[in-house]
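The values are calculated or read from the model by the stated rules, or taken from the named source; none is laboratory data. Owing to the predicted nature of the structure, the values given are computational and were not obtained by experimental measurement. Methodologically, a virtual Cβ is constructed for each residue, glycine included, from the backbone with ideal geometry; neighbour enumeration extends over all protein chains shown.
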Amino acid sequence: MAGRVVMLAVDGLDWVLLRSLVAAGRLGPLASMLRAGAWGDLDVGSAVWGLDAKGAEALVSPLLWTTAASGTYYFSHGIFDFRDFMRSPQRPPLFSGSDVRQARIWDILSSRGQESLVVGYMVTHPAVPIRGVIVSDLFGETSDPAVVHPRELADPLARAAGAPDYAALVRGGLAAMPMDEMELSSPAPPVESDEDRQRVESVLHEFLGDRPDLVQRYLHPDASPEDARYRSLLFHRLVYPCLRDARFHRVFLELLRMRPQFAFAVCYYRLVDSVSHGFWTEGAAVSDEFRRNYGEVLPRACDRIAAQVAEVQALLTPEDVLIVLSDHGFTAAPPPDGAALADDLEYRPVGEHRAPGVFMARGESVRPGRVENISILDVCPTICDYLGLPQAEAFDGGVVPGLLHAEAPRKLPLVDSYARVSGSADEALSQDEQRRLIKHLAALGYLEE
């Protein structure tokens with residue numbers, strides 16, 4: 001009997017950086033997975049076949065994470081960017097979970113009567129009625145009641161995230177800012193309550209602790225445009241994604257405790273990707289001053305992920321399989337022509353996406369050692385095979401032989417496809433919320449308005 005599968009989807013985790021930090025004695029839980037588990041370069045370039053001319057810009061997270069969860073190409077599952085330019089080139093709407101045309105792992109398990117826990121995964125709003133629990137990627141960001149299924153869990157999970165109820169989570173707190181206040185050029189939100197000050201100060205000391213002057217510059221700014229820009233960029237690129245991930249991580253831990261009968265559980269983490277765009281230093285066009293000020297931000301983000309991996313692993317049994325996955329890595333972004341070295345935070349990114357992604361797995365049944373020739377298209381088929389589910393003709397990937405269990409792939413009859421779980425027709429964001437979400441994503445550096 002197969003154990004459960006828990007997948008931690010870490011956006012932007014880079015192999016070169018990870019190995020460098022492990023060699024320096026850091027990231028103990030991830031180092032342990034490398035020693036005792038399976039690991040390998042995750043081929044993500046093949047998933048963007050046909051978009052090769054876009055280079056690094058083709059490695060778009062909504063596309064890649066939907067591919068990982070469905071085992072199909074973007075032209076099959078339908079998600080190729082953050083926004084659907086095919087529907088409206090002038091005012092393209094954001095893709096939503098309703099636009100995904102292929103079944104994802106949790107849909108497949110629902111069709112076979114097995115439970116999933118899905119927390120914060122990309123392109124999952126509105127939350128559909130799967131067997132289990134789905135906390136959409138907009139949890140805490142919208143008042144839409146379709147943010148979680150079952151809907152009666154909204155308040156209990158908000159309490160797990162530190163708010164009295166879901167309405168309070170949306171109304172206040174720096175981890176769930178109103179989306180129309182999230183433009184990159186807008187001021188950072190004021191730190192008003194003692195609770196917010198403690199949360200922000202904790203984040204800043206964790207990542208900038210050896211530079212107390214930078215912490216004070218954020219908490220006690222002067223009125224200069226330079227300080228306003230500094231606070232805005234530091235909020236959007238570090239403080240917000242850090243608090244966002246902490247919110248979803250707390251919800252995920254609570255669900256792992258509440259619903260131990262699940263077959264598959266996944267939580268999505270954004271922090272590493274956000275700080276890699278803003279604080280990448282290896283080979284980047286940044287000054288020595290930038291490295292002194294911000295050179296530890298990204299390594300400390302990886303430290304935080306490693307600690308979160310340990311917290312999840314503590315709730316698992318030896319029979320369970322733990323997978324850590326990234327959709328791409330990072331490299332230095334080329335500076336604009338004639339641009340000087342960056343001395344401080346700037347609107348231009350210093351890091352950009354690159355292949356491959358990271359794949360690591362650990363569990364009693366997992367074959368340890370290096371894994372060759374694993375594609376992001378293979379993630380869903382391999383998990384389905386481990387859980388005893390037949391392969392689908394619709395899959396574009398396949399089972400990695402012997403990876404999660406010795407008999408893989410199982411000799412089960414193929415099915416044509418699996419049905420996608422659909423929500424009701426009225427579960428959609430309003431145009432106003434679409435507009436605010438687009439500003440929100442632009443603030444985080446994922447797209448242009």
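Restricting attention to segment 218-244, which residues are more than 12 Å from Gly278 (Cβ to Cβ) and of a type in the set (Gly, Ala, Ser)? Hits for segment 218-244 are Ala223, Ser224, Ala228.
Restricting attention to segment 76-98, the residues being without any contact (Cβ under 8 Å) to a residue 40 or more places away in the chain, out of contact with any Pro (no Cβ under 9 Å at 6 or more places or on another chain) and not basic (Lys, Arg) number 6.
Which residues, counting only those in segment 76-92, are over 21 Å from the mean Cα position of the chain (by Cα) and more than 30 Å from Val415 (Cβ to Cβ)? Let's see the steps before the verdict.
Step one: list which residues in segment 76-92 are over 21 Å from the mean Cα position of the chain (by Cα), which gives 76, 85-92.
Residues satisfying the conditions are Phe85, Arg87, Ser88, Pro89, Gln90, Arg91, Pro92.
Might you check whether a residue that is over 30 Å from Arg257 (Cα atoms), surrounded by fewer than 20 Cβ atoms within 10 Å (Cβ to Cβ) and touching a residue at least 60 places away in the same chain (Cβ under 8 Å) occurs anywhere in segment 357-369? Yes: segment 357-369 contains one or more residues that are over 30 Å from Arg257 (Cα atoms), surrounded by fewer than 20 Cβ atoms within 10 Å (Cβ to Cβ) and touching a residue at least 60 places away in the same chain (Cβ under 8 Å).
Condition check for Ala361 on (1) of a type in the set (A, V, I, L, M, F, W, C); (2) assigned to a strand (DSSP E or B); (3) more than 24 Å from Gly25 (Cα to Cα): one failure, at (3). Scoring Leu345 on the criteria (1) of a type outside the set (Val, Ile, Thr); (2) buried (at least 19 other Cβ atoms within 10 Å of the Cβ); (3) more than 30 Å from Asp210 (Cα to Cα); (4) out of contact with any strand residue (DSSP E or B) (no Cβ under 8 Å at 6 or more places or on another chain) leaves a single failure, condition (3).
Out of curiosity, is Asp245 within 16 Å of the chain's Cα centre (by Cα), in a loop (DSSP other than H, G, I, E, B) and not polar (S, T, N, Q)? The answer is no for Asp245. Among the residues of segment 391-404, are any surrounded by fewer than 22 Cβ atoms within 10 Å (Cβ to Cβ), in contact (Cβ under 8 Å) with a residue 24 or more places away in the chain, in a strand (DSSP E or B) and within 23 Å of the chain's Cα centre (by Cα)? Scanning segment 391-404 turns up no residue that is surrounded by fewer than 22 Cβ atoms within 10 Å (Cβ to Cβ), in contact (Cβ under 8 Å) with a residue 24 or more places away in the chain, in a strand (DSSP E or B) and within 23 Å of the chain's Cα centre (by Cα).
Look at segment 220-258 and say how many of its residues are polar (S, T, N, Q), in contact (Cβ under 8 Å) with a residue 40 or more places away in the chain and either under 30 Å from Arg112 (Cα atoms) or surrounded by fewer than 20 Cβ atoms within 10 Å (Cβ to Cβ) (or both). Let's see the steps before the verdict.
Taking segment 220-258 first, the residues polar (S, T, N, Q) are 224, 232.
From what's left, in contact (Cβ under 8 Å) with a residue 40 or more places away in the chain: 232.
In the following step, the residues that additionally are either under 30 Å from Arg112 (Cα atoms) or surrounded by fewer than 20 Cβ atoms within 10 Å (Cβ to Cβ) (or both) were identified as none.
Total meeting the criteria: 0.
Within segment 284-296, identify whether any single residue is under 18 Å from the mean Cα position of the chain (by Cα), in a helix (DSSP H, G or I) and among the hydrophobic types (A, V, I, L, M, F, W, C), and answer yes or no. So far as segment 284-296 goes, no, none of its residues is under 18 Å from the mean Cα position of the chain (by Cα), in a helix (DSSP H, G or I) and among the hydrophobic types (A, V, I, L, M, F, W, C).
Hey, does segment 307-326 have a residue that's at pLDDT 95 or above, hydroxyl-bearing (Ser, Thr, Tyr) and under 17 Å from the mean Cα position of the chain (by Cα)? Among the residues of segment 307-326, at least one is at pLDDT 95 or above, hydroxyl-bearing (Ser, Thr, Tyr) and under 17 Å from the mean Cα position of the chain (by Cα), which makes the answer yes. Selection within segment 78-99: residues that are touching a Gly at 6+ places or on another chain (Cβ under 9 Å) and under 24 Å from Val272 (Cβ atoms). The member of this set that is modelled with the lowest pLDDT is Phe95.
Arg291 falls short on exactly one of the conditions (1) out of contact with any Ser or Thr (no Cβ under 8 Å at 6 or more places or on another chain); (2) free of Cβ contacts under 8 Å to residues at least 24 places away in the same chain, and that condition is (1). Within segment 12-36, being buried (at least 17 other Cβ atoms within 10 Å of the Cβ) and closer than 13 Å to Leu298 by Cβ holds for Gly12, Leu13, Asp14, Leu17, Leu18, Leu21, Leu27.
For Gly50, are the conditions met, namely being touching a residue at least 12 places away in the same chain (Cβ under 8 Å) and either more than 19 Å from the chain's Cα centre (by Cα) or over 17 Å from Val371 (Cα atoms) (or both)?
Details: touching a residue at least 12 places away in the same chain (Cβ under 8 Å): yes; either more than 19 Å from the chain's Cα centre (by Cα) or over 17 Å from Val371 (Cα atoms) (or both): yes.
Judged against the criteria, Gly50 is a match.
When each of Gln261, Gln308 is tested for being closer than 27 Å to Glu115 by Cα and either of a type outside the set (S, T, N, Q) or in a loop (DSSP other than H, G, I, E, B) (or both), the lone residue that passes is Gln261. Would you be able to say whether some residue in segment 278-292 is under 30 Å from Ala36 (Cα atoms), among the β-branched types (Val, Ile, Thr) and modelled with pLDDT of 95 or more? No, segment 278-292 has no match at all. Looking at Asp43 and the list (1) within 23 Å of Ala392 (Cβ to Cβ); (2) of a type in the set (Asp, Glu); (3) buried (at least 21 other Cβ atoms within 10 Å of the Cβ), which single condition is not satisfied? So Asp43 meets the others, but not (3).
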